[in-house]
Amino acid sequence: ATIGTTGIVTGMAGGLTANISYSYGSGCRAMTTVTVNALGTISGPANVCQGQSVTLTSTTSGGTWSSVNNAKASVDQEGHLFSTSADTITIRYSLGGCTVSKTVSLHALPAPISGYSALCTNGSTILAEATRPGKWSSSDETVAIVDTTGHVYSINAGTANIIFTDKYGCISNIEVTVNPLPPAIIGISDVCVEHGMYLSDNASGGKWTNRDSTIVRIDSLSGYVTGIGIGRDLITYTLPTGCYTEAYIKSDYCPQDLDIYPNPVNSILTFQSDTIIYNEFRLINITGQVVIHQPIKESFTKIDVHLLP
């Protein structure tokens, strides 16, 4: 410790004692012992996000922590600081009558992320955070990835948190759900005008639609498609999630000089045509699956169906 002529003592080295004397008259002297406490320093983050907890530490132990405004940020006696609002605040550490302080900036969280949070596999959407610059990231890049502009690309079915982080480390996030696409549509790609057949899909609960009702008509629930006119139309099967699969179907007039008997049949089914203009036949069940498929080479073709359900 040092002392000036006016009696002001300045501590120089902490944790030690110094004898201070005052001399007057002819050799008379008064003395006292001064203990210099270690002041220490506070270390820890200088920026804290709203709602976030960080830990501050001091180079000396045994002191007391305090905040100048507990309504904005509080600190316990282990140095754990918790921020509740955006502002600048002073945190103090006191020991033996000595106090050291640290200014901590409290930052508000980024605004909530806006945009669609549900996607289909192989889809995309754009998310936005309107208040400040920052970086985007995904908690699971096997489900969805995000670029530097907030453009999200779905990869596989599942959920992933898309996170926006500002320069202070404050984050806002949104959970994105990636729904699977329905499987491919089952059924043949041709239908005769004034005839029909069933299409199907292994994912249940969806609805059937088509674009041009002058070419084909399809029942939205059963998938039964009827040829209306000549042309090619797009059939769509859409799940309640909005995810869909598509397939084209061709409608045309079919030759009529064909007899198929007996109907119903339990054993042998016969195809008879006076002019061999057919190349092949397919026997399809009500779910759209082809159960028999073979070429037609003669005017009479017999097929054994007794093993079919």
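In the stretch 178-193, which residues are surrounded by fewer than 16 Cβ atoms within 10 Å (Cβ to Cβ) and either farther than 30 Å from Phe281 by Cβ or of a type in the set (S, T, N, Q) (or both)?
Those that are surrounded by fewer than 16 Cβ atoms within 10 Å (Cβ to Cβ) and either farther than 30 Å from Phe281 by Cβ or of a type in the set (S, T, N, Q) (or both): Pro180, Ser189.
Which count do you get for residues in the stretch 271-309 that are part of a strand (DSSP E or B), more than 27 Å from Ser200 (Cα to Cα) and either open to solvent by 90 Å² or more (accessible area, probe 1.4 Å) or touching a Pro at 6+ places or on another chain (Cβ under 8 Å) (or both)?
2
Scan the stretch 35-45 residue by residue and report those that are open to solvent by less than 50 Å² (accessible area, probe 1.4 Å), at pLDDT 90 or above and either part of a strand (DSSP E or B) or among the acidic types (Asp, Glu) (or both).
Within the stretch 35-45, just Ile42 meets the criteria.
Scan the stretch 89-108 for residues that are at pLDDT below 90, outside any strand (DSSP E or B) and buried (at least 16 other Cβ atoms within 10 Å of the Cβ) and report the count.
Number satisfying all stated conditions: 0.
Among the numbered criteria (1) surrounded by fewer than 17 Cβ atoms within 10 Å (Cβ to Cβ); (2) among the polar types (S, T, N, Q); (3) closer than 13 Å to Ser101 by Cα, which one does Ser53 miss?
(3)
Which number in (1) surrounded by 14 or more Cβ atoms within 10 Å (Cβ to Cβ); (2) at pLDDT below 95; (3) on the phi < 0 side of the Ramachandran plot marks the one condition that Gly150 misses?
(3)
Would you mind stating whether Asn19 is without any contact (Cβ under 8 Å) to a residue 12 or more places away in the chain and open to solvent by 70 Å² or more (accessible area, probe 1.4 Å)?
No: the conditions fail for Asn19.
Give the stretch 147-172 a look and list any residue that's within 21 Å of Leu109 (Cβ to Cβ) and under 9 Å from the mean Cα position of the chain (by Cα), or say none.
Passing the criteria: Val152, Ala160, Asn161, Ile162, Ile163.
Can you pull out the residues in the stretch 54-90 that are under 18 Å from Asp166 (Cβ atoms) and either touching a residue at least 24 places away in the same chain (Cβ under 8 Å) or not β-branched (Val, Ile, Thr) (or both)?
Val54, Ser83, Ser85, Ala86, Asp87
Select from the stretch 198-220 the residues that are outside any loop (DSSP other than H, G, I, E, B) and open to solvent by less than 30 Å² (accessible area, probe 1.4 Å) and list them in ascending order.
Ser200, Trp208, Val216, Ile218
Return only the number of the condition from (1) out of contact with any Ser or Thr (no Cβ under 6 Å at 6 or more places or on another chain); (2) more than 19 Å from Gly169 (Cβ to Cβ); (3) outside any strand (DSSP E or B) that Gly51 does not satisfy.
Every listed condition holds for Gly51 apart from (2).
The values are calculated or read from the model by the stated rules, or taken from the named source; none is laboratory data. In this text the structure is predicted, and so the values were computed from the model without any measurement. Cβ atoms come from the backbone with ideal geometry, glycine included; neighbour counts cover every protein chain shown. Heavy atoms of the whole protein, side chains included, go into the accessibility calculation; ligands, DNA and RNA do not. Shrake-Rupley method; radii C 1.70, N 1.55, O 1.52, S 1.80 Å.
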